[in-house]
Amino acid sequence: MSKLGRYSADRKKVEALTATKTVEVADCGTVFLAVGDAAISINLPTIASAGKGWWCKVVKTGAASGGEDVTIAAHADDGSTPMMGVELSPTHAVMNGDDIVVEDAANKGTQVEVLCDGTNWQVLGFSVLAAGITIS
């Protein structure tokens with residue numbers, strides 16, 4: 001059987017961010033690369049508009065302590081503590097809250113994946129720095 005070409009590959013949409021971005025429903029499946037030396041906020045769509053299965057990933061590509069925090073913010077319409085998940089780091093933290101913060105001191109490659117289950121945002125964060133990812 002012959003391959004179908006590039007459409008058979010698991011290609012990702014990739015977008016570099018240097019400033020605040022309001023993520024749209026059409027951005028589902030995007031890997032956002034947080035670059036630069038300024039604070040970046042990534043504002044998610046509402047849970048209702050995103051729907052079950054919507055996801056994105058944020059990867060810090062800037063140097064540790066070379067920029068500012070990267071904040072992934074739930075929409076205000078999503079209510080109290082719509083984000084829940086776990087941070088895998090030397091301290092393994094459970095996360096429940098409104099916003100995920102990749103700390104300025106976090107290393108390159110620190111990443112957070114966000115998945116909508118239709119009711120909440122499920123979050124999985126990976127960091128080699130203890131408390132490199134926090135939730136508020």
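The values are calculated or read from the model by the stated rules, or taken from the named source; none is laboratory data. Computed from a predicted structure; not experimentally measured. We place every Cβ from the backbone using ideal geometry, glycine too, and count neighbours over all the protein chains shown.
Can you name the residue in the range 120-135 that is assigned to a strand (DSSP E or B) and of a type outside the set (A, V, I, L, M, F, W, C) and is also nearest to Pro45 (Cα to Cα) among such residues? Per the stated criteria, the residue is Gln122.
Filter the range 48-58 down to the residues that are of a type outside the set (Lys, Arg) and within 21 Å of Glu87 (Cα to Cα), then identify the one that is surrounded by the fewest Cβ atoms within 10 Å (Cβ to Cβ). Once the filter is applied, the top-ranked residue is Gly53. Confirm whether Thr91 is polar (S, T, N, Q), closer than 21 Å to Thr134 by Cα and surrounded by fewer than 14 Cβ atoms within 10 Å (Cβ to Cβ). For Thr91, the condition - polar (S, T, N, Q), closer than 21 Å to Thr134 by Cα and surrounded by fewer than 14 Cβ atoms within 10 Å (Cβ to Cβ) - is met.
What do you reckon, is Asp78 crowded, with 18+ Cβ neighbours inside 10 Å and farther than 20 Å from Ala16 by Cα? Here the answer is yes, as Asp78 does meet what is asked.
Scan the range 47-63 for residues that are modelled with pLDDT under 95 and within 17 Å of the chain's Cα centre (by Cα) and the total you get is 3. For the range 59-68, a tally of residues being of a type outside the set (S, T, N, Q) and either closer than 18 Å to Asp117 by Cβ or surrounded by fewer than 18 Cβ atoms within 10 Å (Cβ to Cβ) (or both) returns 4. Of all residues in the range 23-38, none satisfies the criterion of being within 9 Å of Trp55 (Cα to Cα), out of contact with any Pro (no Cβ under 9 Å at 6 or more places or on another chain) and either modelled with pLDDT under 95 or among the charged types (D, E, K, R) (or both).
In the range 49-71, the residues that are more than 20 Å from Leu17 (Cα to Cα) reach residues that are outside any loop (DSSP other than H, G, I, E, B) and of a type in the set (Val, Ile, Thr) with C-beta atoms within less than 7 angstrom, at least six apart or across chains, in these pairs: Ser49/Val25; Ala50/Val25.
Conditions tested, residue by residue: (1) of a type in the set (Phe, Trp, Tyr); (2) out of contact with any Phe, Trp or Tyr (no Cβ under 8 Å at 6 or more places or on another chain); (3) within 28 Å of Asp10 (Cβ to Cβ); (4) part of a strand (DSSP E or B).
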| site | (1), (2), (3), (4) |
| --- | --- |
| Ile42 | no, no, yes, yes |
| Thr91 | no, yes, no, no |
| Val94 | no, yes, no, yes |
| Ile100 | no, yes, yes, yes |
| Lys108 | no, yes, yes, no |
| Gly118 | no, yes, yes, no |
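Going through (1) in a loop (DSSP other than H, G, I, E, B); (2) surrounded by fewer than 18 Cβ atoms within 10 Å (Cβ to Cβ); (3) in contact (Cβ under 8 Å) with a residue 40 or more places away in the chain one by one, Asp37 falls short only on (3).
Quick one: would you say Ile72 is of a type in the set (A, V, I, L, M), surrounded by 13 or more Cβ atoms within 10 Å (Cβ to Cβ), under 12 Å from the mean Cα position of the chain (by Cα) and at pLDDT below 95? Answer is no for this residue.
The residue that is farthest from Gly51 (Cα to Cα), among those in the range 105-131 that are charged (D, E, K, R) and either touching a strand residue (DSSP E or B) at 6+ places or on another chain (Cβ under 7 Å) or crowded, with 18+ Cβ neighbours inside 10 Å (or both), is Lys108.
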